[in-house]
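Working notes for the structure below.
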Amino acid sequence: MVQNTTSGMKNTNPEMQKNNLGSVSVVIPVYSESEIINACIWEVVEFDGEEPSEVIVSDGGPDHLTLEAIEAPGVIKVKSPPGRGTQMNAGAGMATGDILFFLHVDTDLPHGAVESVRRAVQGGAVAGAFSLSIDSPKWSLKIISWFANLRSRLERVPYGDQAQFITADLFRELGGFADIPIMEDVELFRKIRKLGLPIVILRDRVKTSARRWEKEGILRRTLTNWWLRIRYRFGTSPETLKLQYRPHDHGADDKLADDK
C-alpha cells in the first residue's frame, strides 16, 4: 500500500534548520532489478558518512522479486504499484530521515555522496542534486553530460538521474512527486524554484547508465529528450509525452526509464 506523503509541515526555513538536519533516508525505486540492487545498496553503505543512513527500496515490479533479492540487513522494503513517482512517494512515506535522497538503482555515487548531501542541507539548501556523468567513453555522451550540467546549473531544475535530494518537511509540504507517468522529477523542482527556495547543484558527479542512449541511438535519444522537455514546458500533458518517450515495450524501462 502506498503511504501518504502529504502530512503537515514543520519549519522549512533553511537558516533555522541547517544546524539540526542530519539524518538521511535513501529511497531507491526499482522495477525488476534483482541483479544490481545489492551493488547499489552496498555502494550507499560504503560511501555513507559517520551517521548511517536509512535505506528504503520501493519495488514496483512483478511479484516484487527485487525485494527478495536484497541481502543487506536493515533495509526497509516497500511494495508499491509501478511508476517512479508512485514508488518514490511510497518509499518517502516510510522514511524517518530529515533529508530524502532519491537514488536510481543504476546510478553510481561519488565517494562521500551522503555526507555531501548532509553538508549541502546544513549549509542552507532545501533541495539539490549532483552533477551528471554518463557511464560511457564516447565523446558524444561526454558532451551531452556537459550540456546537461550547464542546463541544471542555470535552471536549478535537475533530472532524477542526478540523484535528487530534498528536506523531508518540504517534500511533504509540496505533496511529494506528482502522480504523472513522466517528468515527475522536473515538476517537483519547478515547484521549489517558483517558491524561490535555495537549490544546489553539487560539483561531485554521479555516473548514470548509458543503456537508453545505446539502445535507441545517441542522437535520436538526445533530440527526443530536448523536444519532450520543450513540449512539457509549453503545456503538453505527461500522458502524451510518455507515448513518445517510451514508444515500445522496454520491460523495466517502460516503468522506470532511467536516462533523460
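Tabulated data
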quantity	calculated
Relative compactness, region 88-247, computed as alpha-carbon Rg over 2.2 N^0.38 Å	1.02
Cα gyration tensor of region 30-182 - equivalent ellipsoid semi-axes, whole Å, descending	23, 19, 17
Cross-link pairs Lys79/Lys191; Lys215/Lys242; Lys138/Lys207 - those with Cα-Cα distance over 25 Å	Lys79/Lys191
Karplus (6.51, -1.76, 1.60) ³J(HN,Hα), θ = phi - 60°, over region 219-228, in Hz, Gly and Pro reported as x	5, 4, 5, 5, 5, 4, 4, 4, 5, 4
Region 14-210, relative contact order in percent, only Cα pairs under 8 angstrom and at least six apart counted	26 percent
Gap separating the Cα centres of region 60-91 and region 158-176, nearest whole Å	18 Å
Centroid-to-centroid separation of region 114-129 and region 178-198 [C-alpha atoms, Å]	18 Å
³J(HN,Hα) computed for each position of region 148-159 - Karplus, 6.51 cos²θ - 1.76 cosθ + 1.60, integer Hz, glycine/proline x	4, 5, 4, 4, 5, 6, 6, 8, 6, 10, x, 8
Extension gain, Arg119 back to Glu155 (0.36 nm per residue minus Cα-Cα distance, nm)	10.8 nm
For Gly124, residues with placed amide H under 5 Å, excluding near neighbours	none
In nm, spacing of pseudo-spin labels at Ala69 and Arg211 (7 Å Cα→C-beta vector)	0.9 nm
Residues Phe147 and Ala39, FRET efficiency given R0 of 22 Å [Cβ-Cβ distance, rounded to 0.05]	0.15
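Read-outs throughout are calculated quantities, based only on the coordinates presented, and are distinct from any laboratory measurement. Keep in mind it's a predicted model, so treat the numbers as computed, not measured. We place every Cβ from the backbone using ideal geometry, glycine too, and count neighbours over all the protein chains shown.
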